[in-house]
Amino acid sequence: MKNLKQQIEELNENLAKQLPVEVLEVFGKSIQDLKSSEIEENSIAIGERFPDFNLPNTTNETIELKELLQNGKVIVAFFRGNWCPYCNLELKALQDNLKEISDRKTTLVAISPQASDYNEELKNNHDLKFELLTDKNNTLAKQLGISFKLQDYVIPIYNSLGINLSEYNENDHNELPVPAVFVIDTNGNIIYKFVDTNYMNRIDFQELAKQL
């Protein structure tokens, strides 16, 4: 089975064939602009306390971080939405490794700003056995410093591809989280973080596993 990095390389090759050059150029410019905003450097740091959260899952049950931490470490993975093919690949890869995560007394949750109906759809499509939570209006992502407003010049491209963020996120903010993964110890402190404004780059599970 191909690992996540290989799957992403294949996806990049396919998108390069399918999408017009001007669209790919806009996406590239968007990533460069985000890189220069220094979100990665300014986001919450290793050693800091992760904000306690109470977020709804796909059945509208409230999931609390402090309760999860009673069972061991917690991995929190932020993703953009079920419309993002890179996020789909990453979540499937996490599902493929879920037994190893659970065996190490660690709980995995994934968080996005999209409405719970879309999270439920995603969960069903990939048979995900971990919680998908809704961070309405990117409130938690903002606390972590990983939220950003999609550039005005990118929004028409998203719309042309059928990605209407106001519909997915139920607001007109056009805000997304940077794809990020945090490992939180039982004291609520961050012991590992992966934050990359280039959404094509995703967590390496072998690297993540070392933190568990």
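The values are calculated or read from the model by the stated rules, or taken from the named source; none is laboratory data. As the structure is a computational prediction, the values presented were derived from the model and not from experiment. No Cβ is skipped: glycine too gets one built from the backbone with ideal geometry, and neighbour counts run over all protein chains shown. Each accessible area value is taken on the protein alone, full model and side chains, heavy atoms only, with ligands, DNA and RNA left out. Shrake-Rupley method; radii C 1.70, N 1.55, O 1.52, S 1.80 Å.
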| note | Share of Cα-Cα pairs in region 90-131 beyond 12 Å, whole percent, is 58
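Taking only DSSP H segments of four or more residues, each worth -39500 (n - 2.57), what value at 222 nm results for the chain once the sum is divided by all its residues, to the nearest 500 deg cm²/dmol?
On the way: 11 runs with 90 residues, N = 212.
Value at 222 nm, helices only: -11500 deg cm²/dmol.
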| query | Taking a probe of 1.4 angstrom, what is the accessible area of Thr107 in Å², to the nearest 10? | reply | 40
| message | In 10 Å bins starting at zero, report the fraction of Cα pairs in region 81-185 per bin as a rounded %. | response | 14, 45, 32, 8, 1
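For region 11-105, what percent of Cα pairs sit more than 22 Å apart?
Values: 2351 of 4465 pairs.
Summing the P(r) of region 11-105 above 22 Å gives 53 percent of all pairs.
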| request: Go through region 149-198 and name the chymotrypsin sites (Phe, Trp or Tyr not before Pro) that are in a DSSP coil and have 12 or fewer other Cβ atoms within 10 Å of their Cβ. | output: Tyr153
| said: With a 1.4 Å probe and all protein chains kept in place, how do His173, His126 rank by accessible area, largest first? | reply: His173, His126
| request: Under 15 Å Cα to Cα from Lys17, which aspartates and glutamates show up? Leave out anything in the same chain fewer than 8 places away. | output: Glu9, Glu25
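Given just the C-alpha atoms of region 1-60, how large is their convex hull per residue in cubic angstrom?
Details: hull volume 12.3 nm³, N = 60.
Value for region 1-60: 204 Å³ per residue.
Which percent, to the nearest 5, of DSSP beta bridges fully inside the chain are antiparallel?
65
Can you flag which of Lys5/Lys92; Lys66/Lys123; Lys29/Lys142; Lys99/Lys129; Lys99/Lys123; Lys5/Lys142 are past 19 Å Cα-Cα?
Working: Lys5/Lys92 13 Å; Lys66/Lys123 23 Å; Lys29/Lys142 23 Å; Lys99/Lys129 10 Å; Lys99/Lys123 17 Å; Lys5/Lys142 28 Å.
Among Lys5/Lys92; Lys66/Lys123; Lys29/Lys142; Lys99/Lys129; Lys99/Lys123; Lys5/Lys142, the Cα-Cα distance tops 19 Å for Lys66/Lys123; Lys29/Lys142; Lys5/Lys142.
For region 105-139, state which trypsin sites (Lys or Arg not before Pro) are in a DSSP loop and have at most 15 other beta carbons lying within 10 Å of their beta carbon.
Details: sites: Lys105, Lys123, Lys129, Lys136; in loops: Lys105, Lys129.
Counting only loop positions with at most 15 other Cβ atoms within 10 Å, the trypsin sites (Lys or Arg not before Pro) in region 105-139 are Lys105, Lys129.
For Gln70 and Leu15, calculate 0.36 nm times their separation in residues minus their Cα-Cα distance, and state this gained length in nm to one decimal.
Numbers: separation 55, 0.36 × 55 = 19.80 nm, distance 4.25 nm.
Answer, rounded to one decimal: 15.6 nm.
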| task | Could you tell me whether region 149-212 comes out rounded, prolate or oblate from its Cα gyration tensor? Rule is a ≥ b ≥ c as square roots of the eigenvalues, rounded for a/c under 1.5, then prolate if a/b exceeds b/c, otherwise oblate. | result | prolate
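Exactly which GluC sites (Glu not before Pro) in region 72-181 are in a DSSP loop and have at most 11 other Cβ atoms within 10 Å?
Those that pass, being in a loop and sparsely packed, number zero.
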| message | Testing the spin-label approximation: label points 7 Å from Cα along Cα→Cβ at Asn198 and Glu100. State their distance in nm. | response | 2.4
